[in-house]
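These notes concern the structure reproduced below.
The values are calculated or read from the model by the stated rules, or taken from the named source; none is laboratory data. Treat the numbers as computed from the prediction; the structure is a model and nothing was measured. Note: ideal-geometry Cβ built from the backbone for every residue, glycine included; neighbour counts use all protein chains shown. All accessible areas refer to the heavy atoms of the entire protein, side chains included, with ligands and DNA or RNA removed. Shrake-Rupley method; radii C 1.70, N 1.55, O 1.52, S 1.80 Å.
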Amino acid sequence: MSLFKGRMRQYIPGHKELTAHKDVLEVLPGKKVFIPLYTAYSTTFELLVKEGEQVFVGTKLAVSKGKVVVPIYSSVSGTFVGEQKMMHHTLKPQTHLVIENDEKYEAIQVFQPLDYQNASREELLAFMMNAGIVGYGGAGFPTYIKYQNADKVEKLIINAVECEPYITSDFTLLPEKMDLFVTGILAMKKMAQALEVVIAVKNTYPKLIQLLETNVANIADVRVVGVPNVYPMGWERTLVYQITKKRYDRLPLEVGAIVNNVTTVIAFAHALVHGKPMVERVVTVSGDGIQNPSNVRVRIGTPVREVVEACGGYTSDEVKLIAGGPMMGKTIVKDEVVIDCVSNAITVLKPVVERPVACFRCGQCSDHCPAGLQPVRIVQASKAKDKKMMERLHALDCVECGLCTYVCPSRLDVTENVRIARRQLQIGKK
Amino acid sequence: MKFLYSASPNLRGKLSTRRIMLELMIGLLVVYGFSLFYYFTEHGMAVALHSLILMATSLIVMAITEVGFAYFTKQDIIPFLSNSFGWITAIILTLMCPITITPFALGVATFCAILFGKLLFGGFGQNIFNPAALGRAIVLASFTGVVANVTEDVITGATITTKMANDFNWLVVDPNMIEKLMKAAGGLQNLFVGFYPGGIGETSALLLCCVGIFFIWRKVIDWRLPIIYLSTIFVLGSVIAWYSGMSDWLWYPLFHLFSGGVMFAAVFMLTDPVTSPTSAAGKCIFALGAAIITVLIRIKANLPEGVLYSILIMNMLTPMIERAFDGKQYQILKKAYIVFAVISALGIGSVVLAASQVEPAKEKVKEVIKITPQDEYVNSLEATIESEVDNGDGTKTFTVSAQGFAAKEGPNLPDYNHGFEPNVFEIKVDTATNKVVYLKATKIGDTEYLGDKLLNAKYTVQFEGLDLQSEFEVSVNDAITGATYSAKSSVRALLEVRKALGF
């Protein structure tokens, strides 16, 4: 605890016990899957299949155009029947590719496996791009971009923190795919030419730490680090600071770090070893609004409704359905929304009525903001429509982690108010 | 099936403003309970009752003001009241006031604090000045010296901070004076425990400390404010003690901490989040500034206490402090360190400068007058032995009447109607050794309150064992002229006895 700066983080009860030690439930999609044509940093796609065309598990359906290249693969076999605008979990309507599922799940070898030990760095980079590996922790940032300019990387940090409450998908996946995980970190270490690999796990998971330590015991320059059970420990900036004690301006590379999520590592290794893209993922379905909270393995493009039904349905007639964890996940008002490759969780909560009172400037939000911002003052400036002030207060650097709303004793929607401030600034810039 | 929408995040922590305010109120009531106990046990039921009446007055005036405001601004009264937390202001204001205040004065102060201090600024969370401090300032400005009848008989004399300010200049170096001050305060321990009259809730540093620690643990208050405020006052007190060369210095900073409103302010006033900066760095600067101003006002200004105005001044500077720490916390860290260091240095410098201009409290030196048998005035007085009794055990008792100031100078005095009587003394002498056994005045003809000093055992004791055969000397410990003349009268009486014994 520092005198001149707040804690910039906060312990949040995780409720991980709801799903952490249950077997993973296999959920197969129904008659249709809807594969979103969406990736971070790119909105235009080149379609590679025609309506009515037969597709298989692994068929490349589309590829993004523009700065980043991200291919989209089919997760089922059947017939591509067309495009459909649907609500996406980002709360914006997106084009989805509709595939009629023949329930045979016939797979094709869309690319060849690659032995990372014999491959060059360039080969690995091209392979990663072609396999469509993105940040599966939630951001969806194309992973190969991080490695393109990887130079003087001191630490490759593997983020196994999972700081959002309720989510245990990485925690469940990691022991199951330990061999792939080890392969993945070694391949990525080679790509980054990193001096060492640091695997960050919460201190509250001693068994997982032990398991990881036994598996990497014989590998040089790979270590497991326990990090405090606080939110948002899994945010890139917080994690990099925790491990390197350095802060960066835009990218972790500035301080010689690359951060990758566990699921990303495993997906990459899976592609390397089996020559298959990521077509399914483990999703935590949890919260007090769901009958049977569990981790499910689900094909990309499966509607949330089917996943919820597999978990026993809702516990209440009125629920909040959240795509992601309760902190950063967006509330979705339709359960037709589909599971995306970056969907790590579906959280269902019973509504709680809050009785807000006026802000009394306690400064809890400023004390806890992991970005070091002062939400209370940003909101004041926003109410006064003082754009200069909002800029001075770096309102645009908010990542909407939600901690300010969480800690606010007056029960105000601080994060939402900061979002409004950001919008005011963004409109001004356009 | 209904899916509700709300903006993320969808999870809330446990801390709530209502709980904070509830715990704050409990803390305040604990402090108030202690003061009730003190006034009841030390000063009786009437004073304790007066204290209860004060609290009730403040709460009622607060309620009327808030309800009236809600009514005239057409707001729903119940939600308005429950979101306004006016009772906290009322209780804090009552606890800051001395017990001697009248309910009327407190009522006026509460009204002003609630209406002008808070509601007119836009209500809870919008005010610039700490409303309770504003109310207290109004009492200080308009009602000083107005004392409630009930408390008049019980609480005489000034509070310890007023004494420290008026009689000791907030700067005491002389060990005798320190002893005197400690006697007035009942010792540092008593200051710490709080069994002395002062602000109703301000006296017990010990209790306030405990409440403060509880509050920090429960996150009711920010830990930075009280810790920086108290430690800065301690450091500045130590610097003054060191600068003015106190040999046993530790009591001085502790006196600063335990006396007056410092502890109360550290727990309840500075920590008012509405009127202090929101950022961690800002809070530190705020508390540092308040501590420096507190000490400066104490030692140099014409006010008994500096706590109140230091808070109001820093409240005023809060927006400026906020502006100074715009930006990301970890980026302004260096700036915060520099600003803190510069203000600390300025604070120490200005406090030392102020201390150098303050005269340390000195003991009033009393003139000691020596009277010898050769004294001209003594010999100009007339004396006669009225009677001489041999006690038969080797001692003789003389009754001597001797002129005093009244008897000698009386006729010249205007409007003097005392009667010009001489003083009469009874003097017992051991005839074997010619030593005085005792001298006492049996009748005082001199001025009341001055001549009476002759009856004082402290004065007459010096005659006991006096050898009449040799030279002697009598000293009067008082510079008041009349008493000296009365003393000379007693010496004259003794000389008459000496003459009678043949010396």
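Return yes or no: is B:R12 within 7 Å of chain A (Cβ to nearest Cβ), open to solvent by 40 Å² or more (accessible area, probe 1.4 Å) and either farther than 30 Å from A:Q10 by Cα or charged (D, E, K, R) (or both)? Here the answer is yes, as B:R12 does meet what is asked. Selection of segment B:261-319 for residues being of a type outside the set (A, V, I, L, M), over 30 Å from A:L373 (Cα atoms) and assigned to a helix (DSSP H, G or I) yields B:F264, B:T294, B:R298, B:K300, B:Y309. Selection of segment B:259-308 for residues being within 14 Å of another protein chain (Cβ to nearest Cβ) and polar (S, T, N, Q) yields B:T271, B:T275, B:S276, B:T278, B:S279.
Annotation: B:G445 fulfils all but one of (1) at pLDDT below 80; (2) assigned to a helix (DSSP H, G or I); (3) crowded, with 21+ Cβ neighbours inside 10 Å; the unmet one is (2). The residue of segment A:392-430 that is nearest to the chain's Cα centre (by Cα), among those that are surrounded by fewer than 19 Cβ atoms within 10 Å (Cβ to Cβ), more than 8 Å from chain B (Cβ to nearest Cβ) and part of a loop (DSSP other than H, G, I, E, B), is A:V399. Could you grab me the full set of residues in segment A:325-339 that are more than 8 Å from chain B (Cβ to nearest Cβ) and assigned to a strand (DSSP E or B)? If the condition is that a residue be more than 8 Å from chain B (Cβ to nearest Cβ) and assigned to a strand (DSSP E or B), then A:V338 is the only one that fits. When the criteria are applied in full, A:V285 fails the requirement of being more than 10 Å from every other protein chain (Cβ to nearest Cβ) and part of a helix (DSSP H, G or I). Using the structure shown, decide if B:V307 is touching a His at 6+ places or on another chain (Cβ under 8 Å), farther than 22 Å from A:F4 by Cα and either crowded, with 23+ Cβ neighbours inside 10 Å or not assigned by TED's automatic domain parsing to the domain that holds B:F124 (or both). Considered against the rule, which asks whether it is touching a His at 6+ places or on another chain (Cβ under 8 Å), farther than 22 Å from A:F4 by Cα and either crowded, with 23+ Cβ neighbours inside 10 Å or not assigned by TED's automatic domain parsing to the domain that holds B:F124 (or both), B:V307 comes out as no. The residue of segment B:216-237 that is nearest to the other protein chains (Cβ to nearest Cβ), among those that are of a type in the set (V, I, T) and open to solvent by 60 Å² or more (accessible area, probe 1.4 Å), is B:I227. Is there a residue in segment A:173-190 that is more than 12 Å from A:V265 (Cα to Cα) and among the hydrophobic types (A, V, I, L, M, F, W, C)? Checked segment A:173-190: no residue is more than 12 Å from A:V265 (Cα to Cα) and among the hydrophobic types (A, V, I, L, M, F, W, C).
Closer than 20 Å to B:L288 by Cβ, open to solvent by less than 10 Å² (accessible area, probe 1.4 Å) and without any contact (Cβ under 8 Å) to a residue 24 or more places away in the chain: which single residue out of B:P277, B:P253 fits that description? Exactly one residue qualifies, and that residue is B:P253. Checking each residue in segment A:364-390 for being without any contact (Cβ under 8 Å) to a residue 40 or more places away in the chain, within 10 Å of chain B (Cβ to nearest Cβ) and surrounded by fewer than 23 Cβ atoms within 10 Å (Cβ to Cβ) picks out A:Q380, A:M389.
One residue alone among A:K177, A:K190 is open to solvent by 20 Å² or more (accessible area, probe 1.4 Å), under 23 Å from A:L114 (Cβ atoms) and in contact with a His (Cβ under 8 Å, 6 or more places away or on another chain), and that residue is A:K177. Restricting A:G184, A:G275, A:G256, A:G287 to those that are in contact with a His (Cβ under 9 Å, 6 or more places away or on another chain), at positive phi and touching a residue at least 12 places away in the same chain (Cβ under 8 Å) reduces the list to A:G287. Among all positions in segment A:148-165, there is no residue which is surrounded by 23 or more Cβ atoms within 10 Å (Cβ to Cβ), in contact (Cβ under 8 Å) with a residue 12 or more places away in the chain and in the same structural domain as A:I72 (by TED's automatic domain parsing).
Filtered by the rule that a residue be within 18 Å of B:F111 (Cα to Cα) and small (G, A, S), segment B:26-75 gives B:A56, B:S58, B:A63, B:G68, B:A70.
Annotation note: of A:V319, A:V357, the sole residue that is at pLDDT 90 or above, of a type in the set (V, I, T) and outside the structural domain of A:P93 (by TED's automatic domain parsing) is A:V357. Restricting attention to segment A:288-324, which residues are at the interface with chain B (Cβ under 9 Å from one of its Cβ atoms) and crowded, with 17+ Cβ neighbours inside 10 Å? Listed by number, the residues that qualify are A:Y314, A:V319, A:K320, A:L321, A:I322, A:G324. How about segment B:190-219: which of its residues are free of Cβ contacts under 8 Å to residues at least 12 places away in the same chain and among the aliphatic types (A, V, I, L, M)? Listed by number, the residues that qualify are B:I213, B:I216.
In segment B:327-342, the qualifying residues are those that are surrounded by 17 or more Cβ atoms within 10 Å (Cβ to Cβ) and among the hydrophobic types (A, V, I, L, M, F, W, C), and the one that is nearest to the other protein chains (Cβ to nearest Cβ) is B:A336.
Could you please let me know if A:S75 is of a type in the set (S, T, Y), surrounded by 21 or more Cβ atoms within 10 Å (Cβ to Cβ), closer than 23 Å to A:G138 by Cβ and in the same structural domain as A:N292 (by TED's automatic domain parsing)? It is true that A:S75 is of a type in the set (S, T, Y), surrounded by 21 or more Cβ atoms within 10 Å (Cβ to Cβ), closer than 23 Å to A:G138 by Cβ and in the same structural domain as A:N292 (by TED's automatic domain parsing).
Total residues in segment A:340-351 satisfying the condition of being at the interface with another protein chain (Cβ under 7 Å from one of its Cβ atoms) and open to solvent by 30 Å² or more (accessible area, probe 1.4 Å): the figure is 1.
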